[in-house]
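What follows is a single structure, written as C-alpha cells, with notes after it.
The values are calculated or read from the model by the stated rules, or taken from the named source; none is laboratory data. Since we're looking at a predicted model, the values are computed, not measured. Every residue, glycine among them, receives a Cβ derived from its backbone with ideal geometry; neighbour counts consider all protein chains shown.
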C-alpha cells in the first residue's frame, strides 16, 4: 500500500490491482487519510463504492474504473473537494447514482464503458462540469436539458445509439470538443453552426446523408471527421415537390407582400402560423415558405478539402441555390436553373 | 550471408541503441527491424515522459532522430482519435503498440476511375507489443483508436526521415500534401500554434 507523490506533488494512494472488494482503512493512518488527494482503485472487484471512502476528506481525484460497480452510495457526497470522478468499465446505469449527486462540485466525469441507457438526470445539475464522457454506453438520446451544463467544454458521447442531436446543445457557450462518432445520427440541427467555441467535431460512422448548409459558418473548426457516413456523393437531379396547400399559399402572399394585419384580425392559430414563415435562402428571392419546401442538395467545398452535400430549403423549384460555391465544381453545372418543374421527384436521402 | 542477430532489448534505451547500430548500414532488413521492435516489451515508465496527449487529436512526440537515418516517434491517441488515409513518402514505416489497441485499415492507391470511393484492402486490430510495417508499394492506410474508453500509445520508426506526406479523401481519392508536425520533442512540448489540417 505504498503512496507516492503524483506529478504535481499531489498525494496519491494507489490501491489498484489488489483484488479488493472492500476498502478496509484500518491500516491507513489518520494523517494519510487527510492528506490523500488522489485515490486509485482501478482493476479491483468493487460492486459498490465503499462508504469508507468518505474518510478521505480532501480527495480531489478518484478513479474506480474496471471494477463491477453497479451502485454509487450517498457517501460520495461527503467528498466535498472531489473534482474528478473516473469510473470507466463498470456496470453503472441511470439508477446507480445517489439523488443529490448533482450538488457535487465535479469538473471532470468519465463514465464511459458502462450501461447507461438514458442520460442520468443527476448529471444535469452539475454546474461546474467541464468534461463529460459517456462513451461506449447505450444512450439513445441526448436530453435538451444538456444546455444547463453551462461550463461544459468537452462532451464525449461516441459509441452509443444516439439518433438525433437536440438543438439546445448549441447553447453551451464553451463547448470546444464534441464527439458523436459511432452513433446512429441522421441529421445535424442547423443551430450547431452557432457554436463559435467549437474547435473539434467528430461525426464519423453515423447515418448522415447531408449536412445543413449553415455548417459553412463553422470556420473556426479545426478538426472534423465525417468518414463512414452515407453522404450523398452524386447530385440527384430528380426531386419531387408537394404543391403547397391553400393555407401555405395564403400565408406566403401575406408575408411576401407585407400585407398588414393585427393579432385581432385573425384567429390565434393563424397568427402563430404566420410567425413560422421561413425565408427562402435565395437572396434574389424575397419569398417565404411554411411547410412546403423543396429540398436541394448542394455540393460545396469546405475547409478546402471536401465536397460536402449540403441541404438547402427553397420556396419553390424555380428558386436556385444561392450558396457561394466553387464556380468550377461540376456539381454546379448540374443544378443551377436546370431542374424543370415537370420533372420533380423526391430527393433520395439515402 | 549475415546471420540475423537475435537480440531482445530489455529497455527502450536498449532498443534505441540497437536501432542505431542496425541503421548505421545503408540497407534496411525489414524483418530484422520488425522482430526487434516487436521483442521489446513495453514498459510505460520508460516512455511516459514522451507520451503527451492532446484532447482534440492524436499527437506525434519525437523520441530520437537516429543520427539522421530515422525518426523514432511516440504517437498518443485519445479515445476515438484517428488519422486520415495517408502514404509514407517512399519511406519504411514501422508501428509498434505500446499501450491499448489500434485499428489499421489498408487501402489501394486511388485510380482515375474512382467509383464508390477508395478500395479497402483489409483491416486488422493491432494489440499491445505487436509491430506492423508498411511502405508505399504495399499501399496506404488509416490508423484509428476505435476504443471509447482506452487511450492508445504507439511507437513509430520512419526511415528515411520525412516531414510531408499525402492525405486522401476516402470518398473521392483526392489527395492533399500535409506537413507533419511534432507535439513534443525529446519530452518537451513544442510551443507552436500551427495546426495540422488533417481532416478526414
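Brief remarks follow.
- Matching residues, region A:99-119, being assigned to a loop (DSSP other than H, G, I, E, B), in contact with a strand residue (DSSP E or B) (Cβ under 9 Å, 6 or more places away or on another chain) and either surrounded by fewer than 21 Cβ atoms within 10 Å (Cβ to Cβ) or away from every other protein chain (no Cβ under 14 Å) (or both): A:104, A:106, A:107
- Matching strands (runs of 3 or more DSSP E) fully within region B:101-200 where at least 3 residues are modelled with pLDDT of 95 or more: B:102-107, B:120-126, B:131-134, B:140-144, B:152-159
- Taking region B:89-100 as the range and being outside any strand (DSSP E or B) and more than 22 Å from residue B:45 (Cβ to Cβ) as the test, the residues that pass are B:89, B:90, B:91.
- None of A:164, A:151 is within 20 Å of residue A:218 (Cα to Cα) and either part of a helix (DSSP H, G or I) or away from chain B (no Cβ under 13 Å) (or both) except A:164.
- Screening residue A:207 with (1) more than 14 Å from every other protein chain (Cβ to nearest Cβ); (2) modelled with pLDDT of 90 or more; (3) not in a loop (DSSP other than H, G, I, E, B) gives one miss only, at (3).
- Region B:142-169 residues that are more than 14 Å from chain A (Cβ to nearest Cβ) and without any contact (Cβ under 8 Å) to a residue 24 or more places away in the chain, paired with ones that are part of a strand (DSSP E or B) and surrounded by fewer than 21 Cβ atoms within 10 Å (Cβ to Cβ) (beta carbon under 7 Å, 6 or more apart): B:163/B:179
- Some residue of region B:36-47 being farther than 18 Å from residue B:158 by Cα, within 14 Å of chain A (Cβ to nearest Cβ) and part of a loop (DSSP other than H, G, I, E, B): no
- Filter result for residue A:283 (more than 25 Å from the chain's Cα centre (by Cα), surrounded by fewer than 18 Cβ atoms within 10 Å (Cβ to Cβ), more than 13 Å from chain B (Cβ to nearest Cβ) and within 30 Å of residue A:171 (Cβ to Cβ)): yes
- Remark: pairs (first residue in region A:219-239, at the interface with chain B (Cβ under 7 Å from one of its Cβ atoms) and within 21 Å of residue B:83 (Cα to Cα); second residue modelled with pLDDT under 75 and assigned to a loop (DSSP other than H, G, I, E, B); Cβ separation under 6 Å; 6+ apart in sequence or on different chains) = A:222/B:195; A:224/B:199; A:225/B:200; A:227/B:200.
- Scanning region A:120-148 for residues that are touching a strand residue (DSSP E or B) at 6+ places or on another chain (Cβ under 9 Å) and outside any loop (DSSP other than H, G, I, E, B) yields a count of 5.
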